[in-house]
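Remarks on the structure that follows.
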Amino acid sequence: MKIKIIIIFLIIITIFFLLIGCAKEDLNSGIYGNITLGPINPVEREGEENTKPYQATISIKNQSGTSEIERFTSDKDGRFKVFLKPGTYLVDPLPGVHLFPLQNPKWWMLSQINL
């Protein structure tokens, strides 16, 4: 009976450590910002804002650009925050309902930045 209790205890401890090892690591680095659309007026005047917040969907791809790692949509005010490990990523704005506005994908090198 004592051996069964010890074996059950060891199994429970093993499962506990396996679950801890498989847990998603806490990320405290990533990117954040505001997405804006502009120019919104054909004539730009000094001191007048010529952009507006824009809600957009962004795809974050791996270093080779072949696999999507994360996809997010900014809020209605254009704000976003996404947690990523330090590395090189392709940031690819996805087209919305309409073909426009268009933006080419950009490569980003992300260092350890606490969010």
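Annotations for the structure displayed:
- As a length-normalised measure over Cα pairs under 8 Å and 6 or more apart, the relative contact order of segment 27-110 settles at 32 percent.
- Net length available on complete extension from Thr57 to Arg45 is 1.3 nm, with 0.36 nm assigned per residue and the Cα-Cα distance removed.
- Cα-Cα pairs of segment 27-110 separated by more than 19 Å (percent): 43 percent
- Pairs of Lys residues in segment 27-110, spaced 8 or more positions apart or belonging to different chains, with C-alpha separations under 22 angstrom: 8 in total.
Quick note: the coordinates plus some simple rules give every number you see, no bench work behind them. It should be emphasised that the depicted structure is a prediction, and the values quoted were computed from it without experimental measurement.
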